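Notes for the one structure printed next.
The values are calculated or read from the model by the stated rules, or taken from the named source; none is laboratory data. This one's a predicted model, so the numbers in the text were calculated from it and none came from an experiment. Using ideal geometry, Cβ is built from the backbone for each residue, glycine included, and neighbour counts are taken over all protein chains shown. SASA here: full protein model, heavy atoms, side chains in, ligands and nucleic acids out. Shrake-Rupley method; radii C 1.70, N 1.55, O 1.52, S 1.80 Å.
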Amino acid sequence: SDSGLTGEIPSEIGNLTYLTVLSLDRNQFTGEIPPEIGQLTSLTYLNLHSNQLTGEIPPEIGNLTNLISLDLSWNQLTGEIPPEIGQLTNLTYLWLSDNQLTGEIPVEIGNLTNLTYINLGSNLLTGEIPPEIFNLTNLTDLSLYNNQLTGEIPSEIWNLPNLRDLYLSDNQLTGVIPPEIGNLTNLTALSFGYNQFTGSIPSEIGNLTDLYLLDFSYNQLTGSIPSEI
């Protein structure tokens, strides 16, 4: 990590089958993530963030079923998030932000029931937020900001009792803010700015007494600010 390394990640790295931790972050690696990385089935931590990697996330990454943490953020990755990510059922930390990923959020992410942290922010993701995400009852942080997501917030959001940070700003989300959000009493940050939400601010927001950040700016909300806030 943080060593000024350049060039491509060599495919021969797939021969190191006893590796449990691979951290090449904060370098200047270019080229694609070699599919041979899927041969490192003993890996528990894979960290490639803050490089200049391009191309798609190889589906072979789904072979790394012992992974606990996967961080590919701050690169130039394109294409869709491979559904094979849903095979990483031991994953607790998934960070794919600040790339150029397209397509919809794969419903297979809903299989990752051990996840506590998801950051898919600052990509080009489209489609609706899959309700399967709200099966992840261990989540504490959910960040989907700065994409092109559409549709409404599923009312199943109340299934996330441990959620502390929820960032959905800078999308094209519509509909009303569901009152069920008031059930997320552990929330400390709630950011819904720069969307197309309509209707009123639900008074149930007043239940979120641990909030330090509340952002509803740049929407189409009407009515008064609830006194409960």
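At 1.4 Å probe radius, can you tell me the per residue accessible area of the chain in Å²?
The answer is 43 Å² per residue.
Per residue of region 58-74, in order, report the coupling 6.51 cos²θ - 1.76 cosθ + 1.60 (Karplus, θ = phi - 60°) as ³J(HN,Hα) in whole Hz, putting x for Gly and Pro.
For region 58-74, the Karplus-derived couplings read x, x, 4, 4, x, 6, 8, 6, 8, 4, 9, 9, 10, 10, 10, 6, 6 Hz, x marking Gly and Pro.
Please quote Rg/Rh for region 43-105 to two decimal places, taking the Kirkwood radius as Rh and restricting both calculations to Cα atoms.
That ratio is 0.93, to two decimals.
What is the set of long-range amide H partners of E128 at a cut-off below 5 Å, with H atoms built 1.01 Å from backbone N?
T150
FRET efficiency for N114 and E12, Cβ-Cβ distance as r, R0 = 30 Å, nearest 0.05?
Working from the Cβ atoms, E equals 0.45.
I want the local charge near E32. Using Cβ-Cβ distances under 14 Å, sum +1 for each Lys or Arg and -1 for each Asp or Glu among the other residues.
-4
What does the net charge come to around G14 if you take all other residues with beta carbon closer than 10 Å to its beta carbon, with K and R at +1 and D and E at -1?
-3
Run the accessible area of region 71-229 with a 1.4 Å probe and give the carbon-and-sulfur part as a rounded percent.
Answer for region 71-229 is 46 percent, counting heavy atoms of protein chains only.
Less than 11 Å Cβ to Cβ from L190, Lys/Arg counted +1 and Asp/Glu -1: what total charge do the surrounding residues give?
That sum, taken over residues with Cβ under 11 Å, equals -2.
Consider just the alpha-carbon atoms of the chain and return their Rg together with their Dmax, both in angstrom.
Cα radius of gyration and Dmax of the chain are 18.7, 62 Å respectively.
Among G121, L139, Y18, whose Cα sits farthest toward the positive end of the charge dipole of the chain (+1 at Cβ of Lys/Arg, -1 at Cβ of Asp/Glu, about the Cα centre)?
Farthest towards the positive end: L139.
According to the Cα gyration tensor, what semi-axes, each the square root of 5 times an eigenvalue, does the equivalent ellipsoid of region 97-229 have, listed from largest to smallest in whole Å?
Ellipsoid half-lengths, sorted descending, are 22, 18, 12 Å.
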